[in-house]
Amino acid sequence: KQKILIAGGGSTYTPGIVAMLADNIDRFPIEEIKLYDDLAERQEPIGAACEILLREKNSDIKFSYTTDPEEAFTNIDFCMAHIRVGLYAMREKDEKIPLKYGVVGQETCGPGGIAYGMRSIPGVLEILDYMEKYSPNAWMLNYSNPAAIVAEATRRLRPNSKIINICDMPIAIENIFADILGLESRKELTVRYYGLNHFGWWTSVTDKSGHDLLPQLQRFVAKDGYAFETEDFQHKHPSWKATFKKAKDIYALDPTTLPNTYLKYYLYPDYEVANSNPDFTRANEVMETREKEVFEIAHKIIDNGTAEGTSFHAGAHATFIIDLACAIAFNTKERMLLIVPNNGAIDNFDSEAMVEIPCLVGNDGPEPLSIGSIPTFQKGLMEQQVAVEKLVVEAYIEESYQKLWQAITLSKTVPSASVAKTILDDLIEANKTFWPQL
Ligand code: G6P
């Protein structure tokens, strides 16, 4: 039986994950779940509600929550990490500062993602170090954003750590593939995919007998993008629906593949800015919906002393984190898309880049599959973007204003070095309690 720590205990995603772990106990037996957060006031209601929820699921899982790192990180097998340094108040700034200057305002792409990366690096390293100190054999399954920059930072600064970086976006899109194809589950699909995090393409989608399903998907995407009615609560929001629709135009640029939705920020930044409200961004939408709803449900459960009549959502795609833990714990060699050092998997691309590619996962971690050579269009885009991600990490390590300015200038979302500098200066001001002194 496994002992799990969820880092980011006060996150609105935590109750859904706890509920999902309890519901999957047959395939992933659990002895203990602990929550850890450095913000007691956020974690308290979530933890208290999860306790009631677990009790009512008749589970014998031992449960606790704490802000004490030693208590949290001692005697665990896995740390599932989804932290947000600076919370939604800072996400709002990441989005609104670039938008003020007519540049894409997004939490993981462009200057906003870079700002968030500079905050996340020390946060993720801190919990990784706690894990290594108190449970040196444990694995960290990390889905803290911005995953690309965080992954590059851990490659550079903790190259031998047992951390696996994974993103839910390809999984959410593969769920849509399954819906479009009328299949029960994305697990009926075998895919080939390559790219960087939030920056990749599917080159093959088949069923288990090797039957090519890509053409059928491409016919759909050419007309409607990924606009398929989804059950996923997160992606029901209008802003996500617009994103899925826009996949049609990303696809048009290379109709031999299928794209990750996040490419829209790099390929259609003008459209994105024109369709953004600089006074009300996704952070505002989330604060008014998910943030409110989850804490309301938690308080209701606590007040009523029962979780009956309430339900926490775990996006169906959240099960990937259990798949990953199972693959490691039980050596299943499941094939999953992970963010790993390239090391020649894409043979005409920087071997020291963190890339998102299929891997077989077993008890000693991911074994990347070979991709071969990639075309000039993708290679060019990826080289530019990976340079941005590397420069951010170098800027963090060297506390370099110059390198962060270069990183923002190089982002495909930014029109010039002067705009980059203006945005950077505002971001420095907004992040002064989080970033190193540049
Ligand atoms: C997707 C991405 C995540 C990102 C999230 C943001 O799931 O893969 O990396 O954090 O969307 O969603 P939100 O609903 O907070 O805008």
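The values are calculated or read from the model by the stated rules, or taken from the named source; none is laboratory data. What you see is a predicted model, and the numbers here were worked out from it, not measured in a lab. Note that each Cβ is placed from the backbone with ideal geometry, even for glycine, and that neighbours are counted across all protein chains shown.
Some points to look at:
- Test result for Lys379, touching a Phe, Trp or Tyr at 6+ places or on another chain (Cβ under 9 Å), of a type in the set (D, E, K, R) and not in a helix (DSSP H, G or I): no
Conditions tested, residue by residue: (1) away from the ligand (no atom under 14 Å from the Cβ); (2) of a type in the set (Phe, Trp, Tyr); (3) farther than 26 Å from Thr261 by Cβ.
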{"site": "Ala81", "(1), (2), (3)": "no, no, no"}
{"site": "Val85", "(1), (2), (3)": "no, no, no"}
{"site": "Lys100", "(1), (2), (3)": "yes, no, no"}
{"site": "Val103", "(1), (2), (3)": "yes, no, no"}
{"site": "Gly110", "(1), (2), (3)": "yes, no, no"}
{"site": "Ser120", "(1), (2), (3)": "no, no, no"}
{"site": "Lys133", "(1), (2), (3)": "yes, no, yes"}
{"site": "Lys162", "(1), (2), (3)": "yes, no, yes"}
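- Filter result (assigned to a strand (DSSP E or B), buried (at least 23 other Cβ atoms within 10 Å of the Cβ) and within 16 Å of the ligand (Cβ to nearest atom)) within region 171-200: Gly195, Leu196, Phe199, Gly200
- Yes/no for Asn58 being away from the ligand (no atom under 16 Å from the Cβ), out of contact with any His (no Cβ under 9 Å at 6 or more places or on another chain) and at positive phi: yes
- Between Leu21, Leu54, the distinction of being more than 18 Å from Gly123 (Cα to Cα), more than 23 Å from the chain's Cα centre (by Cα) and buried (at least 18 other Cβ atoms within 10 Å of the Cβ) belongs to Leu54 only.
- Region 115-147, residues that are closer than 23 Å to Ile17 by Cα, under 15 Å from the mean Cα position of the chain (by Cα) and among the aromatic types (Phe, Trp, Tyr): Tyr143
- Contact map, region 276-296: residues that are more than 14 Å from Pro238 (Cα to Cα) paired with residues that are of a type in the set (A, V, I, L, M, F, W, C) and crowded, with 16+ Cβ neighbours inside 10 Å, Cβ distance under 8 Å, separation 6+ or inter-chain. Pairs shown: Pro278/Leu99; Val294/Ile46; Val294/Phe312; Phe295/Ile46.
- Lone qualifier among Ala115, Ala138, Ala148 - being farther than 30 Å from Trp240 by Cα and either in contact with a Phe, Trp or Tyr (Cβ under 7 Å, 6 or more places away or on another chain) or among the hydrophobic types (A, V, I, L, M, F, W, C) (or both): Ala138
- Criterion applied to Leu5, Leu39, Leu53 was being without any contact (Cβ under 8 Å) to a residue 60 or more places away in the chain and either in contact with a strand residue (DSSP E or B) (Cβ under 6 Å, 6 or more places away or on another chain) or not acidic (Asp, Glu) (or both), and the one residue passing it is Leu39.
- Among the residues of region 24-37, those identified as charged (D, E, K, R) and either part of a helix (DSSP H, G or I) or crowded, with 22+ Cβ neighbours inside 10 Å (or both) are Lys34, Asp37.
- Take the conditions (1) buried (at least 20 other Cβ atoms within 10 Å of the Cβ); (2) within 12 Å of the ligand (Cβ to nearest atom); (3) closer than 29 Å to Gln406 by Cβ; Ala115 misses just one of them, which is (2).
- From the options Val419, Val393, Val414, residue that is out of contact with any Asp or Glu (no Cβ under 8 Å at 6 or more places or on another chain), β-branched (Val, Ile, Thr), crowded, with 19+ Cβ neighbours inside 10 Å and at pLDDT 95 or above: Val414
- Restricting attention to region 267-288, the residues that are closer than 28 Å to Leu337 by Cβ and out of contact with any helix residue (DSSP H, G or I) (no Cβ under 7 Å at 6 or more places or on another chain) add up to 2.
- When the helices (runs of 4 or more DSSP H) confined to region 277-355 are screened for residues that are more than 30 Å from Ser370 (Cα to Cα), those reaching at least 3 such residues are found at 282-286, 292-304.
- Pick from region 238-257, criterion within 16 Å of the ligand (Cβ to nearest atom) and hydrophobic (A, V, I, L, M, F, W, C), ranking: nearest to Tyr88 (Cα to Cα): Trp240
- The residues in region 261-315 that are more than 30 Å from Phe199 (Cβ to Cβ), within 16 Å of the ligand (Cβ to nearest atom) and surrounded by fewer than 16 Cβ atoms within 10 Å (Cβ to Cβ) can be counted, and the count is 2.
- Of all the listed residues (Phe177, Phe199, Phe228), the sole one being farther than 23 Å from Ile357 by Cα and aromatic (Phe, Trp, Tyr) is Phe228.
- Residue in region 83-96 that is β-branched (Val, Ile, Thr), over 30 Å from Lys300 (Cβ atoms) and within 21 Å of the chain's Cα centre (by Cα) present: no
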